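Asker: Can you read through this structure? Questions will come right after.
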Amino acid sequence: MFYWDENNSGFKLEKQLQLIDNVKTIFVSTAFLSSDGVDILQRLIDKYSVKRENVTVCLSAEFSDDHPSDILVALNKVAKVRIARGNRLFHPKLYYIQSNTDNLLIFGSSNLTGGGFGRNIEFNSISHPTNDEIIQIENFISYCHSQTDELTTTYIEFYKSQEIKLSELKKVKAQIYTQLRSFDKKDDPFTEYTYDLSDFYFKFSDYESCFSRNSTLNTPTIIEQRKHLQDKLLVINEIVEDKINQLNLFTHWDKNNITSLNRPCPYNNYRVDWLGVRYGKRREEVCFGGGVKEPYESFTKHACLQYNIYSTGFYIVLFFAVPNDAWDRKYLKENINKIGEKLNQQVQSMKGHGLVWQISDCPDFNFDTDTDFVSYLKQNDGEGKFSSLNMRFAPNDPKIKTLSDICEVVLEGFKLLKPLYDLIVWRPKNI
């Protein structure tokens with residue numbers, strides 16, 4: 001068998017280590033070892049009830065730059081530990097389990113780390129070696145012993161004395177590796193190191209799912225990433241929906257369409273560069289007369305209020321019009337002269353919130369600095385153009401840190417935008 005990652009191989013590498021009975025000894029050689037790797041080994045030892053003297057781990061001298069002394073202390077409790085010496089790089093990744101009935105060998109590129117056993121693209125061979133192969137394996141194990149020294153407290157103290165330098169090295173390496181690995185990400189709006197989102201409801205991966213390089217993909221990984229974001233957005237909806245309904249705004253009548261689509265298809269021009277929840281008119285206001293079920297896009301032809309994740313942040317949006325056959329664009333065009341003064345007054349009352357109206361291939365209208373909104377719409381808004389009002393929150397904005405914070409932002413944002421929505425959107429009075 002061969003393993004390269006969980007999605008494509010169809011199994012977890014760690015599970016393969018646990019498919020043998022009556023284990024006598026465990027031997028591991030690895031260039032890098034993390035605390036996650038110690039946990040993997042601990043689970044293996046617990047499953048087989050193997051005593052410490054029957055578990056050996058050989059490490060490179062450079063096995064970790066992340067608190068290596070702590071890793072050694074934890075590892076030394078469950079295994080005999082040996083550290084490579086000399087000027088040659090110790091680089092084998094080998095996992096050899098002997099039992100009373102069978103032997104298991106895994107070797108390849110996976111280090112004993114969380115990445116090596118999960119996130120990374122690796123390549124490993126998994127086999128039950130023959131007697132002739134066992135002789136060669138045991139010769140290699142003997143060779144590893146000859147090239148390593150037994151762990152002592154002196155080793156542990158030395159690694160502890162180097163941890164400040166190693167921590168600095170880790171930061172520099174992370175920056176360099178990010179640049180080396182990111183040529184395909186050069187157009188990303190930000191990296192996972194730009195903001196510390198560890199305590200935020202929305203993580204880097206949530207925004208990353210909307211990055212341009214991912215927008216047309218339909219791979220298992222990106223599908224799972226979008227689904228995770230979609231679930232987070234739906235949790236917000238469960239909390240705020242009743243209060244938003246009181247504003248006479250409603251989600252799509254088909255519960256499968258509460259969020260925007262999470263897969264590339266004709267309705268989104270085969271791009272998923274945002275995900276959000278939309279609130280607008282009732283079905284009876286969209287499907288006139290309550291007749292047969294309308295196609296999905298009918299709801300999108302009408303203006304709505306939204307909260308969205310884009311590649312650049314979290315947004316509260318008054319989405320006014322799609323490029324073609326937008327219902328409310330037609331309504332406003334017919335009535336803009338009649339409501340123009342009231343419309344400009346409403347826009348002026350909304351200063352100070354960083355609101356920006358955007359129309360495809362046109363200059364933006366900034367509510368905080370610009371004045372004549374009616375003239376702006378007359379000059380720029382029309383068929384063939386997207387048109388919307390946006391309020392952006394940066395990924396690390398403390399106002400969107402927790403789920404509770406986000407729900408409050410959504411409710412406040414919708415209350416702010418609703419009077420403008422009511423002015424420019426057609427709604428039948430008898431429904």
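Asker: Answer with yes or no whether Tyr376 is open to solvent by less than 50 Å² (accessible area, probe 1.4 Å), assigned to a helix (DSSP H, G or I), under 24 Å from Tyr310 (Cα atoms) and among the aromatic types (Phe, Trp, Tyr).
Answerer: Details: open to solvent by less than 50 Å² (accessible area, probe 1.4 Å): yes; assigned to a helix (DSSP H, G or I): yes; under 24 Å from Tyr310 (Cα atoms): no; among the aromatic types (Phe, Trp, Tyr): yes.
Taking the combined requirement at face value, the residue does not satisfy it.
Asker: Is it the case, given these coordinates, that Tyr270 is open to solvent by 30 Å² or more (accessible area, probe 1.4 Å) and in contact (Cβ under 8 Å) with a residue 40 or more places away in the chain?
Answerer: Numbers: open to solvent by 30 Å² or more (accessible area, probe 1.4 Å): yes; in contact (Cβ under 8 Å) with a residue 40 or more places away in the chain: yes.
Answer is yes for this residue.
Asker: Kindly list, by first and then second residue, each pair from a residue in the stretch 27-52 that is touching a residue at least 24 places away in the same chain (Cβ under 8 Å) and over 20 Å from Phe90 (Cα atoms) to a residue that is of a type in the set (Lys, Arg) and open to solvent by 70 Å² or more (accessible area, probe 1.4 Å), limited to pairs with Cβ atoms under 8 Å and residues at least 6 apart or on different chains.
Answerer: Here the result reads Val50/Lys24; Arg52/Lys77; Arg52/Lys80, each pair linking the stretch 27-52 to a residue that is of a type in the set (Lys, Arg) and open to solvent by 70 Å² or more (accessible area, probe 1.4 Å).
Asker: Follow-up question, since we're still on this one. Which one of these does Arg329 not meet: (1) at pLDDT 95 or above; (2) open to solvent by 20 Å² or more (accessible area, probe 1.4 Å); (3) among the basic types (Lys, Arg)?
Answerer: (2)
Asker: Identify all residues within the stretch 187-199 that are more than 12 Å from the chain's Cα centre (by Cα), under 13 Å from Asp397 (Cα atoms) and open to solvent by less than 70 Å² (accessible area, probe 1.4 Å); write none if there are none.
Answerer: Tyr195
Asker: Suppose we filter Val78, Val50, Val57, Val73 for residues that are closer than 20 Å to Ser167 by Cβ and either open to solvent by less than 20 Å² (accessible area, probe 1.4 Å) or modelled with pLDDT of 95 or more (or both); which single one remains? Before you say what the answer is, go through the steps one by one.
Answerer: On the way: Val78 fails: closer than 20 Å to Ser167 by Cβ; Val50 fails: closer than 20 Å to Ser167 by Cβ; Val57 fails: closer than 20 Å to Ser167 by Cβ.
Criteria check complete, one pass: Val73.
Asker: For the condition assigned to a helix (DSSP H, G or I) and within 30 Å of Trp426 (Cα to Cα), what is the one hit in Lys232, Lys243?
Answerer: On the way: Lys232 fails: within 30 Å of Trp426 (Cα to Cα).
The conditions single out Lys243.
Asker: Any residue in the stretch 159-176 that is out of contact with any helix residue (DSSP H, G or I) (no Cβ under 6 Å at 6 or more places or on another chain), open to solvent by less than 70 Å² (accessible area, probe 1.4 Å), part of a helix (DSSP H, G or I) and basic (Lys, Arg)?
Answerer: The first filter runs over the stretch 159-176 and keeps only residues out of contact with any helix residue (DSSP H, G or I) (no Cβ under 6 Å at 6 or more places or on another chain), leaving 161-176.
Those still in the list that are open to solvent by less than 70 Å² (accessible area, probe 1.4 Å) too: 162-163, 166-167, 173-174.
Going one step further and asking which of them are part of a helix (DSSP H, G or I), we end up with 163, 166-167, 173-174.
After this cut, where a residue has to be basic (Lys, Arg) as well, the list is 173.
Scanning the stretch 159-176, I find at least one residue that is out of contact with any helix residue (DSSP H, G or I) (no Cβ under 6 Å at 6 or more places or on another chain), open to solvent by less than 70 Å² (accessible area, probe 1.4 Å), part of a helix (DSSP H, G or I) and basic (Lys, Arg), so the answer is yes.
Asker: Being at pLDDT 95 or above and of a type outside the set (D, E, K, R): is that true of Trp274 here? Don't jump to the end; show me each part of the working.
Answerer: Numbers: at pLDDT 95 or above: yes; of a type outside the set (D, E, K, R): yes.
Taking the combined requirement at face value, the residue satisfies it.
The values are calculated or read from the model by the stated rules, or taken from the named source; none is laboratory data. Computed from a prediction, not measured in an experiment: that's the story for all the values here. So basically every Cβ, Gly included, is an ideal-geometry build from the backbone, and we count neighbours across all protein chains shown. To get the accessible areas, we keep the full protein, side chains included, count just its heavy atoms, and leave off ligands, DNA and RNA. Shrake-Rupley method; radii C 1.70, N 1.55, O 1.52, S 1.80 Å.
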